[in-house]
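Below you'll find the structure, written out as structure tokens, and then a few comments.
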Amino acid sequence: MTMATPDVGVIENGTHVYPVRVYFEDTDSGGIVYYANYLRYAERARTEMLRCIGYLHAKMMSADGLMFAVRRCEVDYMKPAYLDDALEIYSGNVEVEAASLWIEQIIRRGGDEIARLHVRLACVGDAGKPKRLPCELRDVFLPLLAIKNSKQ
């Protein structure tokens with residue numbers, strides 16, 4: 001018997017695409033997704049994006065003593081998502097800085113844009129202090145870099 005593995009998504013045209021289904025637990029009594037759950041969807045997509053490009057959070061923590069912490073998050077909510085909706089989270093336009101990075105994430109249902117996030121992740125060490133991103137980690141983001149950074 002083969003064990004199924006969770007979907008990690010795919011990289012398409014410089015963007016990681018991760019599918020999510022809206023479950024009952026994600027909604028209010030009216031079947032509408034609670035606003036904070038969009039942040040959970042985006043977090044899952046970022047984790048699977050790292051897995052998809054070959055750099056696991058567990059490796060960052062165990063081998064490098066590093067982790068990402070959300071430093072800033074801006075969210076624009078355009079339309080509600082509902083129970084049983086099939087959503088896709090698009091993560092891309094990554095801008096890598098010395099000790100942090102910015103990621104744009106767009107949550108879509110079919111062709112409709114549901115929410116847009118602009119997230120700044122800080123790279124921190126065991127003590128919670130900022131640390132430079134290792135070169136190996138910077139390099140794995142090359143397929144997802146924002147156009148303006150890819151010319152540098």
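Coordinate-derived values only; no laboratory data. None of these values were measured; they are calculated from a predicted model. Reconstructed Cβ throughout: ideal geometry from the backbone, glycine too, with neighbour counts over all protein chains shown.
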(request) Find how many whole Å separate the alpha carbon centroid of the range 128-148 from the alpha carbon centroid of the range 41-100. (result) 13
(message) Helix 37-52 against the longest principal axis of the chain: what's the angle in degrees, Cα atoms only, rounded to the nearest 10?
(response) 50
(message) Students often get this wrong, so try it: which of (1) -0.51, -0.84, -1.12; (2) -0.43, -0.83, -1.13; (3) -0.37, -0.81, -1.18 is log10 I(q)/I(0) by the Debye sum over Cα atoms at q = 0.10, 0.15, 0.19 Å⁻¹ as calculated from the structure shown?
(response) (3)
(message) Under a Cβ-only charge scheme (Lys and Arg +1, Asp and Glu -1), can you give me the dipole magnitude of the chain about the Cα centre, in debye to the nearest 20?
(response) 580
(request) Give a residue-ordered list of calculated ³J(HN,Hα) values for the range 10-23 (Karplus: 6.51 cos²θ - 1.76 cosθ + 1.60, θ = phi - 60°; whole Hz; x for Gly, Pro). (result) 9, 9, 10, 6, x, 10, 7, 10, 10, x, 9, 10, 7, 9
(request) Would you mind computing, in nm to one decimal, how far apart the modelled labels at ASN13 and ARG71 are, each placed 7 Å from Cα along Cα→Cβ? (result) 3.0
